[in-house]
Every structure is written in structure tokens, then in C-alpha cells.
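Peer 1: Pasting in a structure now, in C-alpha cells, and then I'll have a few things to ask.
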Amino acid sequence: MFEKWRGQWFEMSRRKTNRGPSWTGHAVLTGLALVLLLFVLPLLFLPGEEEEQEALPTATLPAVEPVNVSPVPGWDESQTIRVLQSDGTVEAMTLADYLWGVVAAEMPASFQTEALKAQTVAARTYCFYQRAGSGDKHPGADVCTDYTCCQAFLTREQAAVGWGENARRYTDKVAQAVADTDGLLCLYNGQPIDAVFFSSSAGRTLDAAQVWGNDVPYLTAVDSPEGEEVPGWHTQVTLSLAECAAKLREKYPEIVLPDDPAAWFSDLTADENGAVASVKVGDITLTGTQARSVFGLRSTHFTVEVQDGTVIFQVLGYGHGVGLSQYGANALAEEGKTFDEILKWYYTGVTVAGWEAG
């Protein structure tokens, strides 16, 4: 192809006219043009050293320890729990069935899904904690269905009666909470914790030491977001003087009460979390927990006054106040917290992960 082109160019250049340069002039000019085209012009477009792109800076993200909050499918079905029933019989059931009955009994099924999941993990953890240390507490059984001892429990039939027209939806909702957390427990130093829970706080949970006298590192006081929206959050207990005296003497027969009822209660002190730490009643001093028990109060967040021949207690919250607050968990779920975030909120320093039962 190049040879053919060169021949054509030579023939055309050989044809002279009076208005153009000679053939020799054409050749010189054409040669210069080729040199410019082939060698000089390309050099003008080569990038200089100053045009080289600067290397982009590099960075390494900090290493983040992975957190395992994925369910372990089939784990709950593989575990058998011996449950002491209210009639004294012991029934063996899968952990999945047991947890369904506990969650249905302990937390309103209308709660947020993440709150129900948190309740499920707490119930699962509490079960294994109890089973490991129950000893002779339940001969022949791991747990019982008495909520004052272990955890409440409902059969599906019992739950359906209470749920009415929502029975189908709530049945599936609770079952999903159990399945979505299959095998997950709250662990501290690799072992199941005493995952206690209660209904609602007065804005802050309590240290285990305040209530039971023993420090537990994962049961420390934390803020809790529930309040006036909780049914029965603020309650009032009114007792006649005779009723009040009878309750005190039933528990403390030697108590001496002043002649003036206005002097029966004195020196009420609250701790840094707002709960009653102690209160003097007659000639004895009770802790907040003892006073709550004697007078049947819903929590240790209370005030007391004697007025017009009656003793009036104003009470906030419901429950012992230690660990997970159920209404607080629901409030956190409404704020967008996940079940593992809720659990770590209420149980200080725990991990949420699968665990190999011993």
C-alpha cells in the first residue's frame, strides 16, 4: 500500500505549472512536512514529568472484632428442658416450646419485635443459668412455671384465650422471635448470666447490690427510657392505720410504733438512682426492698405520708428494678435499637452469642 501511494504522489508532483514551485521545491517542502508530522509534533504531546499523576494516599481501617448475633438454627429444638408445672408434675419439652410459653407469658405480644427478641434471649439465658445452679431447688426439674421463682409460662391454648382475635398473629410473632434468636444467650466471661428482668423502672434501673446485697458486674444501674406511657406506671397504695400496723407486726412482731401516727415513718433516704435506700418505721429501719415487700408496693421508688388516718404510698414503676426493663426494652426498640443492643444496654459488659451447653 505504501509503495502505491508513493508512486501516485511522485506522479502528481512531477506535473509542473507556471503558478507553482518546481518539482524540486515540492519535494523539499513535502519532506519537511513529513518530518514535522512524524517526529516533531508527537513530542509536543508527550506528558512531562510535572504532569505525572500524584499517587493517591492509602489508609487502613481499624480492625473491628466481629460480633456474632446470628441465630443457630435448630439449637433450641436440640435442647430438652424439664419444667415443673403448677400441679407438681414435671414435663420435658424442647427449649423452643418452653421459650415460646415464657415469652407469651412474660411480655405483651403487642410489643415491638426487637423487644420480644430481647426478652427471648434473656429468658433462654436465665433458663441455663438456673439449670446450672438450681441444685435441689427443683428436684427432677430444671425450672418451674412460678414467676416468683423462675419464669411465668403459658400454653398456646392459654395464651390464645387472652389474645382473642389476635391469637393467630401473636402466636406467629412470638414464634418468630424465638426462631430469630435461636441458640443465642447473654454471656459474661463466656458463661450465661443471671438474666433477671422486670416490668418498668422509674427512669433508671438498680444495682443488684441495692436490692439483693451482692455486687454483680453485669447488673449495674443504667438509664431506662420508659415513663408515663406505661400502664400503671404511677400507682397509689392507701392503707388504714390498722392495716399498716398489722402488716408491720406480721413481719416484725417486736416493732414499736409511736402513739402519734404522723411519726411512724421518718428518715426516708433515696439512693443515687432515686429508689428508697432506707426508711425508719417505728423503732426499726427497713431497706426499700423490705418496705416494698411489707406493704405490697410495686417498686422501691416510693414516697409515704400519713394523712387523715391513712398511710399513702405514691409509687413509680413495677418490679425489683434489676436487669432488663421490659417496657424500657420496648421504648428502645421504638427508637430503632436492635435486640442485641437492648440486651447490652441493660446487661453491662455482656456479649450476645451462641453457647455450647455443658
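Peer 1: Out of the residues in the stretch 209-257 that are at pLDDT below 95 and surrounded by 13 or more Cβ atoms within 10 Å (Cβ to Cβ), state the one that is nearest to the chain's Cα centre (by Cα).
Peer 2: GLY227
Peer 1: Restricting the stretch 262-284 to residues that are of a type in the set (Ser, Thr, Tyr) and within 19 Å of LYS251 (Cβ to Cβ), which is surrounded by the fewest Cβ atoms within 10 Å (Cβ to Cβ)? Talk me through it step by step, then tell me what you get.
Peer 2: First pass over the stretch 262-284, keeping only residues of a type in the set (Ser, Thr, Tyr): 266, 269, 278.
With within 19 Å of LYS251 (Cβ to Cβ) added as a condition, the list becomes 266, 278.
On the way: SER266: 12, SER278: 16.
The residue in question is SER266.
Peer 1: Does the stretch 336-343 contain at least one residue that is closer than 16 Å to ALA195 by Cα and surrounded by fewer than 23 Cβ atoms within 10 Å (Cβ to Cβ)?
Peer 2: Filtering the stretch 336-343 for residues closer than 16 Å to ALA195 by Cα gives 339-343.
Filter once more, so that each one left must be surrounded by fewer than 23 Cβ atoms within 10 Å (Cβ to Cβ): 340-341.
Within the stretch 336-343, one or more residues are closer than 16 Å to ALA195 by Cα and surrounded by fewer than 23 Cβ atoms within 10 Å (Cβ to Cβ).
Peer 1: In the stretch 248-267, is there at least one residue being under 30 Å from PRO108 (Cβ atoms), touching a residue at least 24 places away in the same chain (Cβ under 8 Å) and of a type outside the set (A, V, I, L, M, F, W, C)? Even if it seems obvious, please write down each step before you answer.
Peer 2: Applying the first criterion (under 30 Å from PRO108 (Cβ atoms)) to the stretch 248-267 yields none.
Scanning the stretch 248-267 turns up no residue that is under 30 Å from PRO108 (Cβ atoms), touching a residue at least 24 places away in the same chain (Cβ under 8 Å) and of a type outside the set (A, V, I, L, M, F, W, C).
Peer 1: Sticking with this one: Which condition does TRP355 not pass, out of (1) modelled with pLDDT of 95 or more; (2) out of contact with any Ser or Thr (no Cβ under 6 Å at 6 or more places or on another chain); (3) closer than 25 Å to ASP194 by Cβ, if it passes all the others?
Peer 2: (1)
Peer 1: Can you say whether THR300 is without any contact (Cβ under 8 Å) to a residue 60 or more places away in the chain, closer than 16 Å to GLY321 by Cβ and either of a type in the set (Ser, Thr, Tyr) or out of contact with any Cys (no Cβ under 8 Å at 6 or more places or on another chain) (or both), as far as the supplied structure shows?
Peer 2: No: the conditions fail for THR300.
The rows are residues; the columns are (1) without any contact (Cβ under 8 Å) to a residue 60 or more places away in the chain; (2) of a type in the set (Asp, Glu).
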| site | (1), (2) |
| --- | --- |
| PHE153 | no, no |
| ASN166 | yes, no |
| ALA175 | no, no |
| ASP182 | no, yes |
| ASP194 | no, yes |
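Peer 1: If you don't mind, another one. So which residues in the stretch 142-172 are open to solvent by less than 40 Å² (accessible area, probe 1.4 Å), part of a helix (DSSP H, G or I) and either at pLDDT below 95 or not hydrophobic (A, V, I, L, M, F, W, C) (or both)?
Peer 2: TYR170, THR171
The values are calculated or read from the model by the stated rules, or taken from the named source; none is laboratory data. None of these values were measured; they are calculated from a predicted model. All Cβ positions, even for glycine, are placed from backbone atoms using ideal geometry, and neighbour counts span all protein chains on display. Calculation scope for accessible area: heavy atoms of the full protein, side chains included, ligands and nucleic acids excluded. Shrake-Rupley method; radii C 1.70, N 1.55, O 1.52, S 1.80 Å.
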